[in-house]
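Following: one structure in structure tokens, then a few remarks.
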Amino acid sequence: MTGASALDLSPGAGVVLDEVEWLVERQEPHLGRVHLVRADGERQRASFRFLANHPSCRPSSRPAAEGANRGRQPASWSDVRPEKRPLMEQRFAHLMEVNCGFRSGDPFRPGPGEPQPEYDPDRTTLTERRAAKAAELSALRSEEAKLLLGVAHVGVRTLERWERRRRKYGMVGCADHRWLRASGGHPSISAEVREAIFAVRAETQHHRSRVSARTREIMIRRYVRETFENEDGDESAKIEVPSYHTLLRVWKEWFGPGGARQKYERSAELPTKNGHVLVTRPGQVVALDTTILPVMVRENVFGDPVTAHLTLALDVYTHSICAFRLTLVSDSSVDVAMVLRDVMLPLPMREEWGEDMEWPYPGLPAAMVSEFAGYEVAGLPFFTPETVTSDHGAVYRNHHLVDVQEAMGCRILPARVLRPQDKSAVERVFGSIRSLVFEKLAGYTGVDVSDRGADPEGDAVLTMAEMEHFIATWVVKVWQNRRLGEFAPSWDPGGDHSPNTLFAASFAQEGFVLDIPAPETYYRFLPEHHVKRIHRRGVKVKGLWYDAASLHKPDMKSARGGRYKQHWVIHREPRDRRVVYFQDPDTHEWHELRWTGLPPEGEMPAFGDARVEELLTRVREAGLKPRSDSELVPKLLEMLGAVDPVAKWPSQLTKSQRTQHAREITQAQAAAADRPQQLPKSNKPPRLAALGAPGAEPPWRERAREATESLDAHRRRRRETAKPAQQPSVPAPLGSSRRGRNLFVIADDDEGSEEPGPQPTEET
């Protein structure tokens with residue numbers, strides 16, 4: 001083989017064999033073979049003859065960088081100046097005559113008198129031909145040799161050096177390395193100026209805001225003056241700094257034009273974890289994200305217009321919206337955990353949904369899915385996600401949510417910082433829903449404040465329940481059957497596919513695992529608390545005591561090991577703190593542990609974590625030390641606004657307080673809907689006129705009435721406990737009542753000291 005197609009089998013060279021790249025580890029010239037090694041460590045021996053005659057063997061296009069050419073691209077024929085090309089061609093012709101006896105290198109195109117006797121390959125050896133060529137060129141005068149070959153003297157060693165470079169680089173290997181010398185750069189950039197440039201680069205890229213090139217020039221000059229020059233004004237110590245245009249040209253050559261924004265410049269310097277993910281099946285990657293709902297809705301308690309948050313779970317392969325949640329104010333880790341739980345559960349059919357929205361996927365009958373789920377299933381994919389990707393929001397980095405994903409068996413693949421394109425699929429879905437649905441609804445707020453209407457709050461007509469029902473209907477009926485367009489699969493880029501058809505196609509390709517999680521998964525998705533021992537009062541979780549008969553069994557000892565050795569695990573529902581959940585170690589059944597402050601009969605309004613923190617803060621600031629949690633009930637009901645008259649309750653609350661009450665009620669309703677006893681969920685759609693229906697009691701009145709009745713019942717029990725039962729007996733000695741009780745205990749309030757409010761319905 002000759003020319004540029006010759007194989008380089010020197011140690012360290014790369015060879016591509018059957019489209020697999022190998023590295024030459026060592027040579028065995030005496031045996032005519034080389035040892036090849038692959039990137040994964042596999043080794044193979046091959047002969048020179050085998051590699052030379054193999055049809056799929058070629059030199060690697062990624063040779064290792066050598067010392068002289070490190071950081072440079074390989075030279076080509078066009079890099080040689082036109083006046084030097086004849087010299088390079090003359091050298092190449094002499095080398096070809098040495099190799100094969102013909103200056104053209106082709107025996108079928110011989111020149112006059114070729115091959116000459118001293119260069120005939122059939123009669124001479126390569127060593128003899130090189131010696132003859134060296135003698136021929138040495139006979140030339142030095143001026144003539146410089147004119148023809150560019151050198152004054154050519155010997156055997158020179159011919160050998162030219163031949164090695166020709167075999168490696170082709171004809172350009174015959175060029176003098178001085179003709180292709182690396183660029184001299186900028187001689188005016190001294191070592192001190194170079195240090196100043198890099199110092200300014202580090203300062204302006206990672207710390208400061210973006211500045212102009214003129215400012216960078218001033219910073220470079222100031223760095224040189226303050227770092228290297230003497231302050232006494234000695235002219236001999238001054239360092240010459242190039243002009244502005246030279247510094248600008250050097251900056252662009254070294255660092256590029258610098259058109260990127262500062263935040264992207266900083267994020268580009270961060271180390272990149274993981275690589276490109278090729279999504280080939282449903283459930284392989286599920287993207288999570290939360291955005292502000294661009295439509296003002298009315299909360300279900302007072303009917304005030306509020307801003308809601310929409311959380312989506314999107315299957316990246318089929319672009320199916322597997323689950324979503326609407327939350328007031330902001331979502332929490334529990335809300336996102338329940339979204340992941342909804343991804344694994346089939347969506348129940350609702351009363352007004354037709355047959356076109358039922359389970360439509362072939363290969364798995366709808367009756368079988370309904371039998372496993374326990375209810376009729378809508379046409380929305382469900383599966384256990386393999387990988388969950390999200391941004392770096394606080395709710396997604398929460399330890400509780402990370403534990404939930406690990407319990408599901410998911411891999412966590414967070415997007416890179418300041419790189420929204422890592423989850424561009426879900427970002428595009430948000431934009432599509434905005435243009436397809438939200439822009440057409442009353443109360444739309446626009447893209448930003450500048451596009452907002454005159455009064456979107458007044459235009460809001462849909463409640464939270466109505467908006468949730470509307471989005472669910474649109475997702476199942478429209479989005480899942482909508483053509484994807486540019487998101488078509490790689491195996492059929494020109495076909496018409498929707499999320500439903502892609503999910504159905506995956507049945508034939510990889511099958512489907514009908515794995516519906518047990519209803520008890522709800523408890524495992526709640527935050528965990530590790531309790532060291534069970535007291536007589538029960539267990540204390542986040543400041544409140546909880547108790548039940550299932551905790552006080554004989555010989556109750558925890559057999560857990562590891563970090564929380566011999567601890568009990570209690571699961572807390574942050575949206576409803578009236579109960580916590582405990583799994584029996586023997587039967588593995590889940591039990592409710594009621595708050596010890598709850599009344600024994602009847603229910604009191606639900607309250608969440610925020611209300612508990614506020615309650616404990618008030619008690620601590622007041623210096624109270626309650627002996628039991630039942631003494632916290634009046635304070636809690638007072639915070640809930642139950643001591644005010646029912647007719648005046650909403651008018652005395654500010655908008656933020658009303659929003660807080662609405663959030664508590666909405667969260668309590670969501671928690672009740674997520675509990676296993678609520679499965680299967682109700683098939684009835686939400687009432688579309690819950691706030692305006694004639695004769696219907698407003699939700700805030702019902703909440704106030706429940707709180708007031710709970711407060712009255714609590715006071716009544718305190719009075720019953722304080723008044724001893726009247727029994728006919730012998731009169732007690734004088735002073736026995738004084739000696740039988742503590743004089744420093746404050747007596748409970750009697751009937752006359754009660755605060756004005758609704759009177760109890762029962763007299764005791």
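The values are calculated or read from the model by the stated rules, or taken from the named source; none is laboratory data. The structure presented is a predicted model; accordingly, all values stated were derived computationally and were not measured. Cβ atoms come from the backbone with ideal geometry, glycine included; neighbour counts cover every protein chain shown. Side chains included, ligands, DNA and RNA excluded: accessible areas come from the protein's heavy atoms. Shrake-Rupley method; radii C 1.70, N 1.55, O 1.52, S 1.80 Å.
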| message | Over 20 Å between Cα atoms: which of Lys532/Lys557; Lys84/Lys252; Lys540/Lys565 fall into that group? | response | Lys84/Lys252
| remark: A correct Karplus calculation of ³J(HN,Hα) over the stretch 49-54, with 6.51 cos²θ - 1.76 cosθ + 1.60, θ = phi - 60°, whole Hz and x for Gly and Pro, returns 5, 5, 5, 5, 9, 6
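If you roll a 1.4 Å probe over the stretch 504-605 with all protein chains in place, what percent of the accessible area is carbon or sulfur?
Numbers: 2580 of 5660 Å².
Of the solvent-accessible surface of the stretch 504-605, carbon and sulfur hold 46 percent.
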| note | Taking the alpha-carbon centre of each part, the distance from the stretch 623-640 to the stretch 114-130 in Å is 111 Å
| remark: Checking the stretch 328-362 for GluC sites (Glu not before Pro) in a loop per DSSP with at most 13 other beta-carbon atoms within 10 Å yields Glu351, Glu352
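What is the sum of charges around Asp315, taking Lys and Arg as +1, Asp and Glu as -1, for the other residues whose C-beta is under 12 Å from the C-beta of Asp315?
0
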| said: Give the separation of the Cα centroids, the stretch 509-546 to the stretch 407-465, in Å. | reply: 31 Å
| query | When the accessible area of the stretch 116-175 is split by element with a 1.4 Å probe, what percent falls to carbon and sulfur? | reply | 51 percent
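Are any of the pairs Lys553/Lys635; Lys625/Lys655; Lys440/Lys477 more than 23 Å apart by Cα-Cα distance, and if so, which?
Lys553/Lys635; Lys625/Lys655
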| request: For Leu593, list long-range residues whose amide hydrogen, built 1.01 Å from N in the peptide plane, is under 5 Å from its own amide hydrogen. | output: Val580, Tyr581, Phe582
| Which residue, chosen from Ser558, Val569, Ile516, occupies the Cα position most advanced towards the positive end of the dipole of the stretch 456-594, where the dipole is computed from +1 (Lys, Arg) and -1 (Asp, Glu) charges on Cβ about the Cα centre? | Ser558
| message | Under 5 Å between amide hydrogens, which residues at least 5 positions from Arg411 or on another chain qualify, with H placed 1.01 Å from N in the peptide plane? | response | Thr387, Val388
